[in-house]
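A short worksheet on the structure shown next.
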Amino acid sequence: MNRTLFNLLSLSTVVLALHAVAESPASRYRDHADGTVTDVETGLMWMKCSIGQEWTPDGCTGEATVLMWDEAVQAAKGVSFAGHDDWRLPTSEELNSLVYCSSGSQQGMAKGVGGWCLGSYHKPTIDPAAFPNTPPRFYWSSKAYNRGHAWGVAFDSGCSEWVLKGMHGRARLVRKGP
């Protein structure tokens, strides 16, 4: 293959990948006006507010509850909200799908793990229209890494990582879509 053509194809691939990350997520979420949004790409329905916050027509009020992993797992059980009672903690891959790098650049992703937003980006690294008043902090997933660690996402950097289960984090619940 001609080297110039190869370089152009490589550059096009990079530009398309950066465009996908930088693209405004507004059209990605369908707002149900009941404190939930559906991700049209994954089909998952998310609570707009973190555990501990309250949904009002003006958005999420109050503070997200600080939880250790075991507490987050327990807090997710038996939740009834917006007419649904099958809410749960997301998997690490599902939670990582919420990362939005406003800079348009994310590095280090390998099988949905790692990665962080590059350059100058807004914090938290999540769509603020779909998930208002989200603190730029660590959020738990349902997935344990090993006996003492669990996966989650740091929404101050967009990084998916495992941390000690005794660390403080927050939680947002998800369910299969409508």
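Here are some notes:
- Residue 55 surrounded by 20 or more Cβ atoms within 10 Å (Cβ to Cβ), outside any loop (DSSP other than H, G, I, E, B) and modelled with pLDDT of 90 or more: no
- Conditions (1) hydrophobic (A, V, I, L, M, F, W, C); (2) out of contact with any helix residue (DSSP H, G or I) (no Cβ under 6 Å at 6 or more places or on another chain); (3) in a loop (DSSP other than H, G, I, E, B); (4) within 30 Å of residue 33 (Cβ to Cβ); number of the one not met by residue 95: (3)
- Among the residues of the range 150-178, the ones that are without any contact (Cβ under 8 Å) to a residue 24 or more places away in the chain and either within 17 Å of residue 60 (Cα to Cα) or surrounded by fewer than 17 Cβ atoms within 10 Å (Cβ to Cβ) (or both) come to 1 in all.
- Taking the range 119-146 as the range and being basic (Lys, Arg) and either buried (at least 20 other Cβ atoms within 10 Å of the Cβ) or closer than 20 Å to residue 76 by Cβ (or both) as the test, the residues that pass are 137, 143.
The values are calculated or read from the model by the stated rules, or taken from the named source; none is laboratory data. What you see is a predicted model, and the numbers here were worked out from it, not measured in a lab. Every residue, glycine among them, receives a Cβ derived from its backbone with ideal geometry; neighbour counts consider all protein chains shown.
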